[in-house]
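Everything below concerns the one structure shown next.
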Amino acid sequence: KRLCYIGQDLFLSGKGLGERIVELVPEGEVVGFIATPGQLNIQPRLDGAAEAIKESGKNIKLNEIASGPTLNEEVSRVAAYYAGHPDIKGMFAVDAGSTSAVGKTMSENKLQSKGIHAGGFDLLPSTLDYVQKGDLDFTIDQQPYLQGFYTVMVLFLYKISGGLTGPSDINTGLSFLTKANVEPFI
């Protein structure tokens, strides 16, 4: 039995990603990397980004690319994609490993200096470093501390009240970490 969902609204966080893409990229081809397409904890993010880009009316084409379930695969596939698409205007990702891989490719090829934008999700130490150095424009924080804290509180209240306080869904929100505000996270 499902008690409740405590976490980021995945589709809305994807829309936030898409809106940020639209702010950064005037037009052209961008790529959205996803470790495992169809996976319910990341696919809605990519779907939301695609919807926000479409709703903007801008001439931005989003290519959805599977990057693979392991960091080594993600690094290889992101690097290979860029090598085959050097005119890309942006590289974005919807999972932790792919975001770090995008940062690595951006850094190694100095792509920010070529006007390519990039970003993604989660707080891997390497991702935070790429944001601080300016290789990634942003990463999206899904508030993992709140996900754990609220889960314990909801279960505690449910148990101590004998079920009178029912568990409820909690959207932990999203915040964009950029070069300007990433320091405390590092």
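Entry note, the chain: relative contact order of 24 percent, from Cα contacts under 8 Å with a spacing of 6+ residues. With both residues required to sit in the chain, DSSP beta bridges show an antiparallel share near 15%. Max-minus-min Cα coordinates of region 135-186 on each principal axis give 50, 18, 12 Å, with the largest extent listed first.
Remark on Ile6: its backbone amide H falls under 5 Å from those of Ile170, a criterion applied only to residues 5 or more positions apart or on other chains, H modelled at 1.01 Å from N. With the gyration tensor restricted to C-alpha atoms of the chain, the semi-axes of the equivalent ellipsoid amount to 32, 17, 15 Å, longest first. Backbone amide hydrogens, once placed in the peptide plane, bring Ile60 within less than 5 Å of Gly28, excluding anything fewer than 5 places away on its chain. Listed peptides 119-125, 24-30, 91-97 appear in the order 91-97, 119-125, 24-30 once ranked by packing, highest mean of other Cβ atoms within 10 Å at the front. Extents of region 1-108, largest first, come to 48, 35, 20 Å (Cα atoms, principal axes, whole angstrom). Working note: Karplus 6.51/-1.76/1.60 with θ = phi - 60° gives region 92-107 the couplings 9, 9, 10, 9, 4, x, 5, 5, 4, 5, 4, x, 5, 5, 4, 5 Hz, where Gly and Pro are set to x. Angle check, please: helix 71-84 long axis (alpha carbons) against the longest principal axis of the chain (alpha carbons), in degrees 0 to 90, nearest 10. The angle comes out near 30 degrees. Remark: region 16-23, residue by residue, has Karplus-estimated 3J(HN,Hα) of x, 4, x, 5, 5, 4, 4, 5 Hz, where x stands for each Gly or Pro and the curve is 6.51 cos²θ - 1.76 cosθ + 1.60 at θ = phi - 60°.
Distant-in-sequence amide contacts of Val31, defined by a placed amide H-H separation under 5 Å and a gap of 5 or more residues or a different chain, comprise Asn63, Gly90, Met91, Phe92. The candidates Met106, Met153, arranged from most to least accessible area with a 1.4 Å probe in the full protein assembly, appear as Met153, Met106. Just the protein heavy atoms count here, and of the accessible area of the chain at 1.4 Å, carbon and sulfur take up 57 percent.
The values are calculated or read from the model by the stated rules, or taken from the named source; none is laboratory data. Keep in mind the model is a prediction, meaning the values are calculated, not measured. Every residue, glycine among them, receives a Cβ derived from its backbone with ideal geometry; neighbour counts consider all protein chains shown. Heavy atoms of the whole protein, side chains included, go into the accessibility calculation; ligands, DNA and RNA do not. Shrake-Rupley method; radii C 1.70, N 1.55, O 1.52, S 1.80 Å.
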